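Working notes, beginning with the structure itself.
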């Protein structure tokens, strides 16, 4: 667990979203007869975990509950590596649009699926970044301690620790073609095209700068499938983690560690 002396530094939460296959099924991007269980996101996880372990960096992985039945060993390997395993919906539903009864059912199913493996998630990142009026209450009933929505989202209560993210700190924001409308909305007209790797590299380098407000916490989001599909992105990630590990003035923490300090 991160101590208070570390919290006085600039702190980065290195996080990962989406084990890939669940979202592709939810969005109808895979043929219905595609066999499950051999997605690039899962196959690249040993390499990601090795990079983190080699540099002594602990991360938070927000994965969909669906994965408990298809990739239980991947989920278990995350926890065995000292990382936090948190939830990201059941199958990457656009969370802000989920109806009330369905939201409760999806959360019940997701938490149960993880707990049936002996895993106990206490964090949640809503797919799409948004929440409903009852999300925080439902998570609190499940014993969650923190939530990580998009930075512009206001929580209805302070029951959970809030660990928000900025869209510019998400790798998929720059590289995922399906996020073109969001890029247009955030960056302005004419800026929906996929960005060059240099934009993401510059953004990561910015986070290695310790000159920041004391106790500042920033959240970075990587997607395993984005690293798996582009070796240049993977090498940039590996170099960033190595540089981060050498940066004595920038602390790293799991989201649960930040939540524990906020609740203390």
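What pairs come up if the first residue lies in region 202-230 and is at positive phi and modelled with pLDDT under 95, the second is surrounded by fewer than 18 Cβ atoms within 10 Å (Cβ to Cβ) and assigned to a loop (DSSP other than H, G, I, E, B), and their beta carbons are under 7 Å apart, counting only those six or more places apart or on different chains?
Note: pairs meeting the criteria are 215/8.
The conditions are (1) under 17 Å from the mean Cα position of the chain (by Cα); (2) part of a loop (DSSP other than H, G, I, E, B), and residue 195 fails exactly one of them. Which is it?
So residue 195 meets the others, but not (1).
So which residues in region 157-190 are in contact with a helix residue (DSSP H, G or I) (Cβ under 6 Å, 6 or more places away or on another chain) and assigned to a loop (DSSP other than H, G, I, E, B)?
Hits for region 157-190 are 157, 159, 160, 163.
Any idea how many residues of region 232-264 are surrounded by 15 or more Cβ atoms within 10 Å (Cβ to Cβ), touching a residue at least 40 places away in the same chain (Cβ under 8 Å) and not in a helix (DSSP H, G or I)?
Total meeting the criteria: 5.
Would you check if there is a residue in region 210-223 being farther than 25 Å from residue 87 by Cβ and in a helix (DSSP H, G or I)?
Looking for residues that are farther than 25 Å from residue 87 by Cβ and in a helix (DSSP H, G or I), one finds none in region 210-223, hence no.
Write out, first by first residue and then by second, each pair whose Cβ atoms fall under 8 Å of each other, whose residues are 6+ apart or on separate chains, and whose first residue, in region 18-34, is on the phi > 0 side of the Ramachandran plot while the second is in a helix (DSSP H, G or I).
Short answer, once both residue conditions are applied: 18/41; 18/224; 18/225; 20/40; 20/41; 20/42; 20/224; 20/225.
Would you check which residues across region 91-130 are without any contact (Cβ under 8 Å) to a residue 40 or more places away in the chain, surrounded by 21 or more Cβ atoms within 10 Å (Cβ to Cβ) and in contact with a helix residue (DSSP H, G or I) (Cβ under 6 Å, 6 or more places away or on another chain) and list them?
The answer is 107, 121, 126.
Would you tally the residues in region 177-190 being within 28 Å of residue 10 (Cβ to Cβ) and out of contact with any strand residue (DSSP E or B) (no Cβ under 9 Å at 6 or more places or on another chain)?
4
Does residue 80 satisfy being out of contact with any helix residue (DSSP H, G or I) (no Cβ under 6 Å at 6 or more places or on another chain) and surrounded by fewer than 19 Cβ atoms within 10 Å (Cβ to Cβ)?
yes
Looking at residue 158 and the list (1) modelled with pLDDT of 95 or more; (2) under 25 Å from residue 218 (Cα atoms), which single condition is not satisfied?
Evaluating residue 158 over (1) modelled with pLDDT of 95 or more; (2) under 25 Å from residue 218 (Cα atoms) leaves (1) as the failure.
Being farther than 22 Å from residue 220 by Cα, at pLDDT 95 or above and assigned to a helix (DSSP H, G or I), is that true of even one residue in region 82-96?
No, that holds for no residue.
The values are calculated or read from the model by the stated rules, or taken from the named source; none is laboratory data. Please read these numbers as outputs of a predicted model, since none were measured by experiment. Reconstructed Cβ throughout: ideal geometry from the backbone, glycine too, with neighbour counts over all protein chains shown.
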